[in-house]
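*Asks:* One structure follows; several queries about it will come next.
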């Protein structure tokens, strides 16, 4: 499993970092593609439990949010969400074979969870110094997830949330938090000319990223536990699906964006 995880990382990471570096429409296209694949996984995941989510509306919803974010036209966001709501309302009333209110709620949740939260990843790259901020986000979450995996596997004893994710431990979570903060401080001292935060700010930022990444992971685990699936998909060998890779990043991106607004 570890070998497969490493091979997947070697395949995907150069592409991701290249798109982050290029920015602009290239990074936007990457985010748009990944989030639509994640929406495919989301609707397929619920289909296994007997729900018929209108996937086309899901693709339209997440795509609209990301395109409006890229064009910096968030003034149109509410009208688009209202249109999606009305489309779900018409489906509820007149869909052949009937449609359930729960399916509409689940789709709206998916649009906000995947499209709304991931829009902060795109928004980070669009602001001044966005390249650095995006690399900090990805490096911080990658460091946290790797540390949590290895520390939890080696020393994990006390289960954090056994009813949601039995393998996650307090040792892994705390060790990953401390390790992420230590790496952030080291980066602040070694690369002060590239990192737009003081060491103290980097420590606070890293701690928040670690907590947000852990919460994002637990949130997706709770969803999967509700419908009794192990992985959201199989599109990223060794890691599950794109949803399984995004769960930590999306919540962390919201935190980082808010942190930048408060500190800078």
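The values are calculated or read from the model by the stated rules, or taken from the named source; none is laboratory data. Since this is a predicted model, take the numbers as computed values, not measurements. Cβ sites come from the backbone with ideal geometry, for glycine too, and all protein chains shown count toward neighbours.
*Asks:* Take residue 34 and tell me if it is modelled with pLDDT of 90 or more, more than 27 Å from residue 150 (Cα to Cα) and in contact with a helix residue (DSSP H, G or I) (Cβ under 6 Å, 6 or more places away or on another chain).
*Replies:* Against the criterion (modelled with pLDDT of 90 or more, more than 27 Å from residue 150 (Cα to Cα) and in contact with a helix residue (DSSP H, G or I) (Cβ under 6 Å, 6 or more places away or on another chain)), residue 34 does not qualify.
*Asks:* Looking only at region 31-86, which residues are on the phi > 0 side of the Ramachandran plot and touching a residue at least 24 places away in the same chain (Cβ under 8 Å)? Lay out the reasoning, then the answer.
*Replies:* From region 31-86, those on the phi > 0 side of the Ramachandran plot are 50, 72; that's our starting set.
Listed by number, the list holds a single entry, 72.
*Asks:* Give 57, 32 a once-over and let me know the one that is over 17 Å from the mean Cα position of the chain (by Cα), surrounded by 12 or more Cβ atoms within 10 Å (Cβ to Cβ) and more than 22 Å from residue 132 (Cβ to Cβ).
*Replies:* Details: 32 fails: over 17 Å from the mean Cα position of the chain (by Cα).
Result: 57 is the single residue among 57, 32 that is over 17 Å from the mean Cα position of the chain (by Cα), surrounded by 12 or more Cβ atoms within 10 Å (Cβ to Cβ) and more than 22 Å from residue 132 (Cβ to Cβ).
*Asks:* While we're on this one: Identify, from the list 205, 137, 177, 209, the residue that is part of a helix (DSSP H, G or I), modelled with pLDDT of 95 or more, over 27 Å from residue 24 (Cα atoms) and touching a helix residue (DSSP H, G or I) at 6+ places or on another chain (Cβ under 7 Å).
*Replies:* 177
*Asks:* Assess whether residue 231 counts as being within 30 Å of residue 103 (Cα to Cα), modelled with pLDDT under 95 and in a helix (DSSP H, G or I).
*Replies:* Values: within 30 Å of residue 103 (Cα to Cα): yes; modelled with pLDDT under 95: yes; in a helix (DSSP H, G or I): no.
Answer is no for this residue.
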